[in-house]
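To start, the structure under review is shown below, and the notes come after it.
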Amino acid sequence: MVAVLRRRLGNDKVVEMPPKMGAEDFSEYGKAGVPAMMFFVGAVNRAKYQEAKASGTRLPSLYSSLFAPEVKPTLEMAMEAETAGDAGSAGGNRKADSSRAQARSE
C-alpha cells in the first residue's frame with residue numbers, strides 16, 4: 001500500500017513507518033482476514049514541523065487541547081490518501097496489508 005500512496009501522493013509525502021503498538025480494536029478484523037490498513041496524516045504546517053524536529057520540541061498530539069491542525073490541507077490529504085488506499089485495495093479479497101504509512105499534508 002505504501003507504493004500505491006507514493007504513486008498517488010508523491011514520494012515526499014509518504015513515509016513508511018515501523019509497526020506501532022496502539023489501542024485500535026479494528027486489528028481483530030485484519031486477524032480474521034478482512035483487509036485493513038492504518039495510516040496517519042500529518043496535520044501541521046511543514047515549516048512548523050521541521051522547526052520542531054530541528055529543535056527537539058514536541059508538537060501537541062491529537063488528544064492535546066493545544067492540537068491545532070491546518071484543517072483544509074489536512075482534510076484534503078486525508079481524503080486523497082483514503083481514496084488512493086481504496087483504489088489500491090480494490091483487487092478483491094486479499095489478505096490484510098499490515099503496512100503502515102504516514103501521508104504528510106503541506
**Q.** Cα pair distances of the range 1-65 binned at 5 Å [whole percent]
**A.** 3, 12, 17, 20, 20, 16, 7, 4, 0
Q) What does the charge dipole of the range 15-87 about its Cα centre add up to, to the nearest 20 debye, if the Cβ of each Lys and Arg holds +1 and the Cβ of each Asp and Glu holds -1? A) 400
Q) Sorted from fewest to most neighbouring beta carbons within 10 Å, what does the list F26, F39 look like? A) F26, F39
(Q) Can you pull out the trypsin sites (Lys or Arg not before Pro) in the range 21-87 whose DSSP state is coil and whose Cβ has at most 16 other Cβ atoms within 10 Å? (A) R58
Q: Under a cut-off of 18 Å between alpha-carbon atoms, report the lysines in cross-link reach of K72, not counting same-chain residues fewer than 8 places apart.
A: K13, K48
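Coordinate-derived values only; no laboratory data. Everything quoted here is computed from the prediction, not taken from an experiment. Ideal geometry is used to build each Cβ from the backbone, glycine not excepted, and the neighbour counts take in all protein chains shown.
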